[in-house]
């Protein structure tokens, strides 16, 4: 599966469950951490967990398992590591506090409409 196909599965999963303000940032030229960050937020910690569950389920259907998940207990910032793609799902207020989009503003923003 290509990176674009993986990104598409992730973005569609988030969108299907009502994730807010989905962003995809290409960071591969800036760091060895990952090639892409996908950032989204939920409206509550329950919604945030549900978004993560949907991404995990949809990627699992494609035979891709998450390498590591952090933050599920608190559910205010959950990071899912797929190796080349890291998915960050925030509770809205926490997303504003950490502002990853600004931190990684040197990265290339991907138009998510191409992935839906």
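When residue 116 is tested against the conditions (1) more than 12 Å from residue 14 (Cβ to Cβ); (2) outside any strand (DSSP E or B), the lone failure is (1). When the test is whether a residue is touching a strand residue (DSSP E or B) at 6+ places or on another chain (Cβ under 8 Å) and on the phi < 0 side of the Ramachandran plot, residue 45 passes it.
Candidates are the residues of the stretch 84-93 that are surrounded by fewer than 19 Cβ atoms within 10 Å (Cβ to Cβ) and modelled with pLDDT under 95; the one that is farthest from residue 22 (Cα to Cα) is 93. Counting only residues that are touching a strand residue (DSSP E or B) at 6+ places or on another chain (Cβ under 9 Å) and in a helix (DSSP H, G or I), which one in the stretch 8-30 is farthest from residue 82 (Cα to Cα)? Among those residues, the one meeting the criterion is 15.
The values are calculated or read from the model by the stated rules, or taken from the named source; none is laboratory data. A quick note: this is a predicted structure, and the numbers were derived from the prediction, not measured. Cβ coordinates were reconstructed from backbone atoms using ideal geometry, including for glycine residues, and neighbour counts include every protein chain displayed.
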